[in-house]
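The structure under discussion appears below in the form of structure tokens.
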Amino acid sequence: QVQLVESGGGLVQPGGSLRLSCTASGSIFSINSMSWYRQAPGKQRELVATVTRGESTNYADSVKGRFTISRDNAKNTVYLQMNSLKPEDTAVYCCNAGVRTTEWGSWYTYWGQGTQVTVSS
């Protein structure tokens, strides 16, 4: 079994910063891409950023230049540094990861439970 646990959410004023972390644990042989998603009340879930195992990155247009995704493969952890936060960034942020539990096994996508980010004065 594989678990993903996020941390780092909270309340921040507009223009502030937060750093989210997501650590995968359990029966892990290899992790492929890792991503952050968010979902605001009444809105569809949105892909925020993705980082591949080779550390190539992609971002939603709404966060380019403000958010930075990174990973530490030795720690099975993905980070999301969020700067210049806006009220519209308020959402539950979840991470996911493509994981293989054995050398020749299939890839499965696992999700964390999410962490709340609220941007408000």
(request) Can you give me the three principal axis dimensions of the stretch 34-103 from its C-alpha atoms, in Å, biggest first? (result) 42, 24, 18
(request) Using θ = phi - 60° and the Karplus relation 6.51 cos²θ - 1.76 cosθ + 1.60, list the HN-Hα couplings for the stretch 7-16 in order, rounded to whole Hz, with x at every Gly or Pro. (result) 8, x, x, x, 9, 9, 7, x, x, x
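Hey, if we sort ASP89, ASP61, ASP72 by accessible area with the 1.4 Å probe, largest down, what's the order? Each step should come with its number before you reach the end.
Details: ASP89 0, ASP61 125, ASP72 45 Å².
Sorted by accessible area, descending: ASP61, ASP72, ASP89.
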(request) Could you give the size of the charge dipole of the stretch 41-83 about its Cα centre, using +1 on the Cβ of each K and R and -1 on the Cβ of each D and E, expressed in debye and rounded to the nearest 20? (result) 80 debye
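Give a quick list of chymotrypsin sites (Phe, Trp or Tyr not before Pro) in the stretch 43-121 that DSSP marks as loop, anything other than H, G, I, E or B, with at most 10 other Cβ atoms within 10 Å. Please list the in-between numbers first.
Numbers: sites: TYR59, PHE67, TYR79, TYR93, TRP104, TRP107, TYR108, TYR110, TRP111; in loops: TRP104.
Loop-located and lightly packed - TRP104.
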(request) Report relative contact order for the chain in percent, whole number only (criteria: Cα-Cα under 8 Å, sequence separation at least 6). (result) 36 percent
(request) Along each of the three principal axes of the Cα atoms of the chain, give the extent in whole Å, ordering the values from largest to smallest. (result) 49, 24, 24
(message) Just to be sure I understand: of the beta bridges DSSP finds with both ends in the chain, what percent are antiparallel, rounded to 5?
(response) 95 percent
(message) Per residue, how much accessible surface does the chain expose to a 1.4 Å probe? Answer in Å², no decimals.
(response) 54 Å²
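The values are calculated or read from the model by the stated rules, or taken from the named source; none is laboratory data. This structure is a prediction, so every number in the text was calculated from the model and none was measured. All Cβ positions, even for glycine, are placed from backbone atoms using ideal geometry, and neighbour counts span all protein chains on display. These area figures cover heavy atoms from the full protein model, side chains too; ligands, DNA and RNA do not enter into them. Shrake-Rupley method; radii C 1.70, N 1.55, O 1.52, S 1.80 Å.
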